[in-house]
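Undergrad: Quick one: the structure is below, and I'll ask about it shortly.
Read-outs: derived from the displayed coordinates by stated rules, not from any lab. Please read these numbers as outputs of a predicted model, since none were measured by experiment. Backbone-built Cβ (ideal geometry, glycine too); neighbour counts: all protein chains shown.
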């Protein structure tokens, strides 16, 4: 994995710290007290944010509460944008978001749950493909390059038998049927990641940039991941984007990467992440990635998201700090990552990234 200079320093420190501490904490995951001090935690931990990582948060909560039965975790899957806003206002102690805060947003603030002058902790805890799912009667497999996907969602390719679609689907009978592209109606990190793919991989067709709110009229709008999934399933000729964890029973596009056609998978998302770098210019506890959507790494699936757990390095409320620290530790542990993979189909983060993440979490106070 490519790492920034700051991240490399953090990784070295984290690996050294883990070597001294031993491997017990990772092996134990959520089965030992999560405050690291041998005492189970108590209280209520509130969070809000991405619908994409909702299943993973539920899995981490079960792990966390096994070790801390007197803790209640309330997570509102209201969407990434809403979660970040709630965290900034101090309404919740942590956010789940399919994108990290931008550097200018961090500089502008406010972050009312944090002590004055505190840096942020942004942990890439959930890595998942974004499926481009479709519902076209009689079409069970579909290969699309980036320019064609961009044309469909930009509204310049409007029929399923368009020559651009036929060119990459020899032998497939494509119907004379209008395309209904489905997009999120709410402010969404999944939209941000999907449009980032379009902007990077087909910027001459998709000219609207990487945005969280759908920028153009047309198609069908739906609230949340479940809304998009239901809209795709409910029509004929529909196509949309959603976290792969919620599209297991749907047909999805194979995306062109180099000379390959790659289906959405956790392994493919992990390869794409490993081909990417942590952004420069951030605090050592802020592990925000700049995803390379144009990678030609074999097996990579670049239509993917990294969903972050976001908190403060220093909290105004020490009780909240302890709960966040324990919950985040559970999420990035080997057991936490595996239970998310088992329940949500996500890609476990690498041991190197887990070490970096734990080093950042250890700074929470």
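Undergrad: For the range 129-268, take every pair of Cα atoms, bin their distances at 5 Å starting from 0, and report each bin as a whole percent.
TA: Percent of pairs per bin, in order: 2, 11, 21, 27, 23, 13, 3, 0.
Undergrad: On to the next question. To the nearest 10 degrees, how steeply does helix 334-344 sit against the main Cα axis of the chain, on a 0 to 90 scale?
TA: 30
Undergrad: Same structure again: For the range 129-268, what proportion of DSSP beta bridges, expressed in % and rounded to the nearest 5, is antiparallel?
TA: 60
Undergrad: Out of 227, 189, 326, any idea which swings most in a Gaussian network model of the chain, alpha carbons joined below 10 Å?
TA: Judging by the Gaussian network model, the answer is 227.
Undergrad: Pairwise over distinct Cα atoms, reciprocal of the mean inverse distance: report the Kirkwood radius of the range 215-365 in Å, one decimal place.
TA: Over the range 215-365, the inverse of the mean reciprocal pair distance is 17.6 Å.
Undergrad: So what is the diffusion coefficient of the range 231-308 in µm² per second by Stokes-Einstein at 25 °C and 0.890 mPa s, using a Kirkwood Rh over Cα pairs?
TA: 174
Undergrad: Could you tell me how many degrees, from 0 to 90 and to the nearest 10, lie between the Cα long axis of helix 189-201 and the main elongation axis, the longest principal axis, of the Cα atoms of the chain?
TA: For helix 189-201, the angle is close to 60 degrees.
Undergrad: With the calculation restricted to Cα positions, what are the radius of gyration and Dmax of the range 293-335 in angstrom?
TA: In order Rg, Dmax, the Cα atoms of the range 293-335 give 16.2, 46 Å.
Undergrad: Quick check: the angle from helix 318-332's long axis to the longest principal axis of the chain, C-alpha only, nearest 10 degrees?
TA: 50
Undergrad: Under 10 Å, Cα contacts only: if you run a Gaussian network model on the chain, which one of 99, 282, 84 comes out with the highest mean-square fluctuation?
TA: Comparing 99, 282, 84 in a Gaussian network model of the chain, the most mobile one is 282.
Undergrad: Between residue 107 and residue 162, what is the FRET efficiency for a Förster distance of 41 Å, r being their Cβ-Cβ separation, to the nearest 0.05?
TA: The pair residue 107/residue 162 has a calculated efficiency of 0.35.
Undergrad: Can you sort 141, 191, 285 from fewest to most other Cβ atoms within 10 Å of each residue's own Cβ?
TA: Placing the least packed residue first, the sequence is 141, 285, 191.
Undergrad: Also, I was wondering about something else. Please arrange 57, 324, 313 by counting, for each residue, the other beta carbons lying within 10 Å of its beta carbon, fewest first.
TA: Final ranking by Cβ density, sparse to dense: 313, 324, 57.
Undergrad: At each listed q (0.06, 0.15 Å⁻¹), what is the log10 of I(q)/I(0) that the Debye formula gives for the chain modelled as equal alpha-carbon point scatterers?
TA: So the normalised log intensities work out to -0.22, -1.23.
Undergrad: Considering only DSSP beta bridges where both residues belong to the chain, give the percentage that are antiparallel (nearest 5).
TA: Beta bridges within the chain, antiparallel portion: roughly 60 percent.
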